[in-house]
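Step one of this worksheet: look at the structure below.
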Amino acid sequence: MIRATLAALSVALSMPMAVQAASLAQSPHPVARPGPVVQAVALPARFEAWIGAFERRARAAGISAATFQRAFAEVDYLPDVIRRDRSQAEFTKQIWEYLDSAVSDARLRNGRAAFAARRDTLRAIERRYGVEAEVVTAIWGLESAYGSYRGATPTLSAMATLAYEGRRAAFFEDQLIAALKILQDGDTTPGRMTGSWAGAMGHTQFMPTSYLDYAVDFTGDGRRDIWGEDPTDALASTAAYLKAFGWTTGQPWGVEVRLPAGFDYSLTGEKVKRSPADWARLGVRDMDGRAVPNHGRASILLPAGARGAAFMIFDNFHVIERYNTADAYVIAVGVLSDRIAGGQGIRADWPRGDRALSFTEKKEMQRLLGRAGFDTGKVDGIIGPNTIDAVRRYQASIGVVPDGYASLDILRRLR
C-alpha cells in the first residue's frame with residue numbers, strides 16, 4: 001500500500017483503491033472497485049499482433065504453450081477498461097463523503113452479520129496471523145461488500161487490454177504473466193478468474209502479483225481460492241498480507257484525539273513521530289479527555305485540516321496503507337473495524353462546506369506553490385507529504401493556521 005495522504009483521493013478512491021504507478025507493485029490491487037461487466041468487441045488487428053509478441057515474452061517467463069493457449073482462447077479486447085482507466089484522474093471526493101458511504105449504517109450492520117456468520121473462521125485466521133478479525137472483516141467489507149460484489153470482468157482480458165494500451169504496459173504485463181502463472185499452478189480457471197476492471201480479484205481484491213506472493217490455502221484443499229463463494233482463503237490471504245508488512249497484534253490503527261488550544265500544527269503529519277506520553281504533555285487527549293495509552297510512537301494526522309477530525313496514528317495505520325494508499329481508506333478500515341468490535345465512530349465534525357479540488361486544480365496549486373517559493377517536488381496532482389509541507393509553510397508565511405490542508409481557500413489565496 002505505500003504512503004498517500006487524503007489529497008491523493010483523486011486517484012486512490014476513484015473506484016475507489018490506490019492507483020499511483022509507484023504504488024501498484026506493492027498493493028494487492030490498484031484502487032479499482034469492481035464495476036459492471038465490461039463489453040468486449042472484435043479483436044483489433046494490432047491487438048492480435050500484440051498478443052503474438054506478448055506470447056514470446058510470456059513463454060520466456062515460464063508460461064507453457066498449453067497454459068497460454070488455454071488462457072488466451074477466452075481473451076477479448078475491452079475498450080471500456082481503457083475509458084475507465086483514463087477517466088480516473090479527474091475523480092475527486094472529500095474524505096467525509098467517502099466515509100459516509102464506507103462506514104454507513106448498512107455496511108456496519110452487514111459487517112456485524114458477516115462477522116457473526118464467519119466468527120470461528122475469522123478467529124482461527126486471527127490466531128494464525130495475529131491480525132484482528134475485525135480488521136480483516138472491515139477490509140472484506142470495503143473491497144467487495146462482504147463478498148457480494150466481487151466483480152465480473154474477466155481478469156485476463158482486462159490485463160491484456162491495459163498492457164496493450166501501453167500507458168502502464170510494463171506493470172500490466174507483469175500482472176498478466178502473474179495471472180497466467182496462477183492458472184498454470186491450477187488455483188483456478190480462466191472462466192473463474194474475474195474481478196474489477198483493473199484486475200483486482202476475489203473477496204478482498206488481490207492483484208495477480210500480490211496473489212502469487214501472499215495468497216494462502218487456509219482451507220487445506222490444495223488451492224488458494226479467493227474467487228469462490230467461500231471467502232476463507234481470501235480472508236486468510238488478507239491477514240497474511242498485513243502480517244507480512246509488519247502488523248502488530250493489539251496495536252490500534254489510530255485513536256481520534258482532541259488538540260489543545262494553541263497547538264503547534266507544524267508537528268502534524270506522518271513525518272513527526274512521538275510517544276503518546278510526549279503528545280499528552282503537549283495537551284493531546286482522546287475524545288474523552290484521557291491520555292492515549294502507549295501503543296508505540298505515533299503521528300498526528302489531520303486529513304481535513306484543523307477544522308476536521310484529528311487522529312493519533314500508529315504503525316498499523318501504515319500497514320493498512322500497504323493495502324490502499326489513501327488515508328481515507330485506512331481511516332475507513334479502522335473506524336469500520338472499531339465499530340464492528342463495538343466501538344464508536346468518528347465524533348468530530350468535518351468542514352462539510354468545503355468542496356474537493358479537482359485533479360487539475362491540485363496541479364495548479366502545486367505549480368503556484370512552487371512559483372511562490374514553496375517547492376512541492378513535482379506537479380502530479382497528488383497531494384502527498386511534500387505538497388502538504390509546502391502548503392503548511394505557505395500558510396505560516398501568510399499568518400493562517402499551518403495545518404497543511406490543501407483547500408480551495410488556499411488555492412484562491414495563491415491565485
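Kindly indicate whether Gly199 is in contact with a strand residue (DSSP E or B) (Cβ under 9 Å, 6 or more places away or on another chain), open to solvent by 20 Å² or more (accessible area, probe 1.4 Å) and not β-branched (Val, Ile, Thr). Considered against the rule, which asks whether it is in contact with a strand residue (DSSP E or B) (Cβ under 9 Å, 6 or more places away or on another chain), open to solvent by 20 Å² or more (accessible area, probe 1.4 Å) and not β-branched (Val, Ile, Thr), Gly199 comes out as no. When the range 323-344 is filtered for residues that are assigned to a loop (DSSP other than H, G, I, E, B) and at pLDDT below 95, the ones remaining, listed by number, are Tyr323, Asn324, Thr325, Ala326, Gln344. Within the option set Arg167, Arg192, being in contact (Cβ under 8 Å) with a residue 40 or more places away in the chain, in a loop (DSSP other than H, G, I, E, B) and among the basic types (Lys, Arg) holds for one residue only, Arg167.
Residues checked against (1) open to solvent by 40 Å² or more (accessible area, probe 1.4 Å); (2) of a type in the set (Ser, Thr, Tyr); (3) under 24 Å from the mean Cα position of the chain (by Cα); (4) closer than 21 Å to Ala306 by Cβ:
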site	(1), (2), (3), (4)
Gln366	no, no, yes, no
Asp375	yes, no, no, no
Gly384	no, no, yes, yes
Ala390	no, no, no, yes
Ala396	yes, no, no, yes
Ile410	no, no, no, yes
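Return the pairs, sorted by first residue and then second, in which the second residue is surrounded by 14 or more Cβ atoms within 10 Å (Cβ to Cβ) and hydroxyl-bearing (Ser, Thr, Tyr), the first residue lies in the range 399-413 and is farther than 13 Å from Leu369 by Cα and touching a residue at least 12 places away in the same chain (Cβ under 8 Å), the beta carbons are less than 8 Å apart, and the residues are 6+ apart or on different chains. Short answer, once both residue conditions are applied: Val401/Tyr265; Pro402/Tyr265; Pro402/Ser266; Asp403/Tyr265; Asp403/Thr268. Taking residues in the range 122-148 that are in contact (Cβ under 8 Å) with a residue 40 or more places away in the chain and of a type in the set (Ser, Thr, Tyr), and partners anywhere that are open to solvent by 10 Å² or more (accessible area, probe 1.4 Å) and in a loop (DSSP other than H, G, I, E, B), the pairs with Cβ atoms closer than 6 Å and at least 6 places apart or on different chains are Ser144/Arg150.
Scanning the range 327-337 finds no residues that are under 20 Å from Lys271 (Cα atoms), under 20 Å from the mean Cα position of the chain (by Cα), open to solvent by 20 Å² or more (accessible area, probe 1.4 Å) and touching a residue at least 24 places away in the same chain (Cβ under 8 Å).
Does Phe206 meet the test of being touching a residue at least 40 places away in the same chain (Cβ under 8 Å), surrounded by fewer than 22 Cβ atoms within 10 Å (Cβ to Cβ) and of a type in the set (Phe, Trp, Tyr)? In short, no. Output the residues belonging to the range 273-288 that are over 28 Å from Val136 (Cα atoms) and either in a helix (DSSP H, G or I) or open to solvent by less than 60 Å² (accessible area, probe 1.4 Å) (or both). Result: Ala277, Asp278, Trp279, Ala280, Arg281, Gly283, Val284.
Among the conditions (1) free of Cβ contacts under 8 Å to residues at least 24 places away in the same chain; (2) of a type in the set (A, V, I, L, M, F, W, C); (3) open to solvent by less than 50 Å² (accessible area, probe 1.4 Å), Val81 misses just one, which is (1). If you filter the range 338-353 down to residues that are among the small types (Gly, Ala, Ser) and under 13 Å from Leu108 (Cβ atoms), you find that the one that is surrounded by the fewest Cβ atoms within 10 Å (Cβ to Cβ) is Gly342. What residue, of Ala356, Ala291, Ala306, is over 18 Å from the mean Cα position of the chain (by Cα), within 23 Å of Trp96 (Cβ to Cβ) and outside any helix (DSSP H, G or I)? Being over 18 Å from the mean Cα position of the chain (by Cα), within 23 Å of Trp96 (Cβ to Cβ) and outside any helix (DSSP H, G or I) holds for just one of Ala356, Ala291, Ala306, which is Ala356. Sort out which residues of the range 47-72 are of a type in the set (A, V, I, L, M), in contact with a Lys or Arg (Cβ under 8 Å, 6 or more places away or on another chain) and in a helix (DSSP H, G or I), and write them in order of number. Passing the criteria: only Ala65.
The values are calculated or read from the model by the stated rules, or taken from the named source; none is laboratory data. Remember, it's a predicted structure, so these values are computed and weren't measured experimentally. Here the Cβ is made from the backbone with ideal geometry for all residues, glycine too, and neighbour counts use every protein chain on show. Ligands, DNA and RNA are excluded from the accessible area calculation, which covers all protein heavy atoms including side chains. Shrake-Rupley method; radii C 1.70, N 1.55, O 1.52, S 1.80 Å.
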